[in-house]
């Protein structure tokens with residue numbers, strides 16, 4: 001036990017009475033769900049929103065050392081995180097829970113959360129919440145409530161023995177709620193499995209039981225990641241490696257819905273025998289022409305003591321034809337190579353993977369999934385385009401030019417005045433596009449992109465890479481601005497069903513990454529995609545994202561925080577009191593929602609740039625028809641206005657509603673509403689940013705009712 005235990009005892013003296021007004025609830029009571037809830041797919045705690053006290057054993061320290069190294073062990077952004085286990089180590093289900101402290105400011109550190117150590121027995125006061133289908137307790141910081149130290153155990157105790165089939169059944173994994181939910185947040189051990197799906201970017205990998213069951217190993221711990229929160233040098237095991245055991249806590253992801261295991265400390269993973277390691281796969285040419293033979297090189301080694309690689313091959317196809325095997329030749333420093341002959345076909349697609357065997361007969365492939373994740377390149381007898389760079393036909397989401405240098409041209413479709421980020425984990429972004437349609441847009445990364453402006457046609461030289469599952473051009477060496485004030489490509493009309501909540505790399509969604517798209521006639525089906533309506537905090541999560549659906553009735557996400565506009569879903573208190581701000585409400589509609597498709601935190605999402613990407617917003621103010629007895633068109637407010645005003649209207653009978661705006665000459669300048677609506681009281685937002693000052697008329701037509709009123713735009 002660390003010396004910080006002594007500090008805890010000193011600092012919490014006299015604090016035990018501060019949290020006595022809250023009920024004490026066992027971990028089992030917080031986690032337990034009856035079979036009828038699980039069979040109906042409901043896995044949220046029955047205590048969501050309650051403030052409670054819970055006692056348990058700390059499974060992992062929130063920080064490495066509270067005095068000398070305050071880096072978090074279990075990464076949760078700026079938050080602190082740990083897991084509690086029931087004090088009865090014999091409990092084998094419903095006996096673990098996630099603990100989060102969202103506010104880690106100096107004022108909130110009186111909770112003593114950062115002083116916790118493994119195997120301490122503590123009582124924590126907090127609000128029960130559900131995030132990403134996982135029950136957690138948000139430590140109470142308002143009022144500030146210190147954690148109570150009760151005692152300690154000799155160690156974390158033995159983990160509960162489980163199999164992958166107890167958690168996830170099938171490949172790809174599907175959450176088996178009936179059998180798996182009882183292990184959420186628990187400390188478990190899985191034995192004698194084989195690895196696959198190695199990700200050398202973030203450090204994640206999957207484990208398999210040989211019966212078709214699979215579970216992913218999440219890289220939340222700094223000891224098991226290659227991301228920025230890593231605490232040691234770590235490389236995920238090679239696909240095909242045998243794992244004697246892996247210990248960790250069980251978590252839950254929503255997209256796709258599946259359980260994951262989260263090892264915490266370095267000794268939570270014991271590796272057995274490994275197949276050959278195939279790494280550093282490269283081709284000798286960035287750009288491949290019709291007369292170019294391509295040499296593929298890779299570092300292939302056997303990591304087992306006394307092991308040796310005996311054979312290696314490149315297996316390739318041209319335009320989906322027959323598979324050709326090329327033997328690889330070993331060189332110095334375990335560098336193997338083979339040369340794919342020139343392909344004299346313009347725009348040919350060459351895909352390949354590598355195969356290797358060691359002296360124990362163990363075989364490895366890279367990539368392991370030779371269907372979705374194959375390496376490939378294009379043979380081009382012309383300059384490379386954004387389309388070529390983005391094109392990813394197998395479903396991996398990776399570019400043929402990933403980690404290669406290219407020069408591409410396009411028109412800037414969003415600049416830093418458009419996409420300003422969420423002020424936290426997503427930064428400002430710049431995009432360009434070279435035509436209309438799929439695979440045509442790309443994110444421009446780095447400081448060199450910041451001065452670019454919408455409408456500029458630019459030629460950029462840089463490195464293509466993946467950033468959080470988005471293809472971007474980065475490490476830029478040259479930016480040439482060819483012209484300014486050019487028209488942007490038209491928006492591609494996409495159904496919400498094309499994007500939905502599809503997994504990363506799904507081609508119907510992936511092809512529009514970075515592209516200007518729009519949804520037509522959508523309804524807001526959930527004003528907060530991640531929790532209850534209203535601000536985040538106090539057990540609620542709100543990241544500024546809403547769910548919308550068109551006539552396909554398939555929900556997809558729209559991100560409101562990252563653009564430069566007035567629309568919001570009240571992710572923090574007070575946004576609705578700012579003059580000009582517009583709160584997006586449940587059951588409201590848009591004639592069009594436009595923006596750029598982005599992928600982050602497990603979801604594709606539309607990101608509108610400025611206010612003109614929101615077209616024809618209609619808020620259903622009151623859908624109780626007993627209050628609507630006559631047709632009515634209200635005077636807009638404010639009036640005069642600059643540049644946004646609200647128009648409210650009533651319809652007592654269902655009908656097709658049209659609301660149009662005309663200039664003083666009677667010329668139509670905008671259609672605000674053009675849809676069938678039920679009886680009710682509605683309001684529509686008119687954004688006149690693109691119009692000049694003057695007098696305008698707005699007119700409603702529905703059934704046999706017509707009314708026209710005047711409004712004044714003053715800029």
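Odds and ends about this structure:
- For segment 691-704, the count of residues that are under 42 Å from the mean Cα position of the chain (by Cα), modelled with pLDDT under 85 and outside any strand (DSSP E or B) is zero.
A quick yes/no check of all residues on (1) buried (at least 21 other Cβ atoms within 10 Å of the Cβ); (2) at pLDDT 95 or above; (3) outside the structural domain of residue 357 (by TED's automatic domain parsing); (4) farther than 30 Å from residue 403 by Cβ:
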position: 233; (1), (2), (3), (4): no, no, yes, no
position: 239; (1), (2), (3), (4): yes, no, yes, no
position: 244; (1), (2), (3), (4): no, no, yes, yes
position: 248; (1), (2), (3), (4): yes, yes, yes, yes
position: 263; (1), (2), (3), (4): no, yes, yes, no
position: 267; (1), (2), (3), (4): no, yes, yes, yes
position: 284; (1), (2), (3), (4): no, yes, no, no
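- Of all the listed residues (346, 351, 292), the sole one being at pLDDT below 95 and closer than 13 Å to residue 378 by Cα is 346.
- Counting only residues that are in a loop (DSSP other than H, G, I, E, B) and either within 26 Å of residue 431 (Cβ to Cβ) or without any contact (Cβ under 8 Å) to a residue 40 or more places away in the chain (or both), segment 536-551 holds 6 of them.
- Number of positions in segment 578-601 that are closer than 25 Å to residue 390 by Cα and touching a strand residue (DSSP E or B) at 6+ places or on another chain (Cβ under 7 Å): 7
- The lone criterion from (1) farther than 14 Å from residue 589 by Cα; (2) in contact (Cβ under 8 Å) with a residue 12 or more places away in the chain left unmet by residue 657 is number (1).
- Scope segment 88-114; condition in contact (Cβ under 8 Å) with a residue 40 or more places away in the chain and more than 22 Å from the chain's Cα centre (by Cα); matching residues: 89, 91, 92, 93, 94, 95, 96, 97, 112, 113, 114
- In the set (1) on the phi < 0 side of the Ramachandran plot; (2) modelled with pLDDT of 90 or more; (3) surrounded by fewer than 22 Cβ atoms within 10 Å (Cβ to Cβ), the condition left unmet by residue 94 is number (1).
Conditions tested, residue by residue: (1) part of a loop (DSSP other than H, G, I, E, B); (2) without any contact (Cβ under 8 Å) to a residue 40 or more places away in the chain.
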{"site": "270", "(1), (2)": "no, yes"}
{"site": "292", "(1), (2)": "yes, no"}
{"site": "295", "(1), (2)": "no, no"}
{"site": "298", "(1), (2)": "no, no"}
{"site": "317", "(1), (2)": "no, yes"}
{"site": "322", "(1), (2)": "yes, yes"}
{"site": "333", "(1), (2)": "no, yes"}
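- Per-region count, segment 398-417, residues modelled with pLDDT of 95 or more, farther than 19 Å from residue 483 by Cβ and crowded, with 20+ Cβ neighbours inside 10 Å: 4
- Search result, residues across segment 384-397 that are at pLDDT below 95 and over 18 Å from residue 319 (Cα atoms): 397
- Per this entry, residue 261 is not counted among residues that are within 20 Å of residue 157 (Cβ to Cβ) and touching a helix residue (DSSP H, G or I) at 6+ places or on another chain (Cβ under 8 Å).
- Looking across 581, 603, one residue alone is at pLDDT below 95 and either in the same structural domain as residue 423 (by TED's automatic domain parsing) or within 24 Å of residue 430 (Cα to Cα) (or both). It is 603.
- Segment 518-541, residues that are buried (at least 22 other Cβ atoms within 10 Å of the Cβ) and either under 26 Å from residue 433 (Cβ atoms) or out of contact with any strand residue (DSSP E or B) (no Cβ under 9 Å at 6 or more places or on another chain) (or both): 519, 522
- Checked against (1) modelled with pLDDT of 95 or more; (2) in contact with a strand residue (DSSP E or B) (Cβ under 8 Å, 6 or more places away or on another chain); (3) surrounded by fewer than 20 Cβ atoms within 10 Å (Cβ to Cβ), residue 375 passes all but condition (3).
- Verdict on residue 594 being within 30 Å of residue 141 (Cα to Cα) and in contact with a helix residue (DSSP H, G or I) (Cβ under 7 Å, 6 or more places away or on another chain): no
- Residues of segment 608-617 that are assigned to a strand (DSSP E or B) and either buried (at least 24 other Cβ atoms within 10 Å of the Cβ) or without any contact (Cβ under 8 Å) to a residue 12 or more places away in the chain (or both): 614 alone.
- Residues (assigned to a loop (DSSP other than H, G, I, E, B) and touching a strand residue (DSSP E or B) at 6+ places or on another chain (Cβ under 9 Å)) located in segment 554-577: 555, 560, 561, 562, 564, 565, 566, 569, 570, 571, 572, 573
- Of all residues in segment 677-715, those that are within 17 Å of residue 619 (Cβ to Cβ) and loosely packed, with under 14 Cβ neighbours inside 10 Å total 1.
- You will find that of 642, 581, the residue that is closer than 30 Å to residue 517 by Cβ, touching a helix residue (DSSP H, G or I) at 6+ places or on another chain (Cβ under 8 Å) and surrounded by fewer than 16 Cβ atoms within 10 Å (Cβ to Cβ) is 581 and no other.
A quick yes/no check of all residues on (1) at pLDDT below 90; (2) under 22 Å from residue 187 (Cα atoms); (3) surrounded by 15 or more Cβ atoms within 10 Å (Cβ to Cβ):
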| position | (1), (2), (3) |
| --- | --- |
| 22 | no, no, yes |
| 39 | yes, no, no |
| 55 | no, yes, yes |
| 69 | no, no, no |
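- Failed criterion for residue 592 (all others in (1) part of a loop (DSSP other than H, G, I, E, B); (2) surrounded by fewer than 22 Cβ atoms within 10 Å (Cβ to Cβ) hold): (1)
- Each residue in segment 469-510 was checked for being more than 27 Å from residue 542 (Cβ to Cβ) and touching a helix residue (DSSP H, G or I) at 6+ places or on another chain (Cβ under 8 Å), and 5 of them qualify.
The values are calculated or read from the model by the stated rules, or taken from the named source; none is laboratory data. The structure displayed is predicted, hence computed values, not measured ones. FYI the Cβ positions are ideal-geometry reconstructions off the backbone, even for glycines, and counts take in every protein chain you see.
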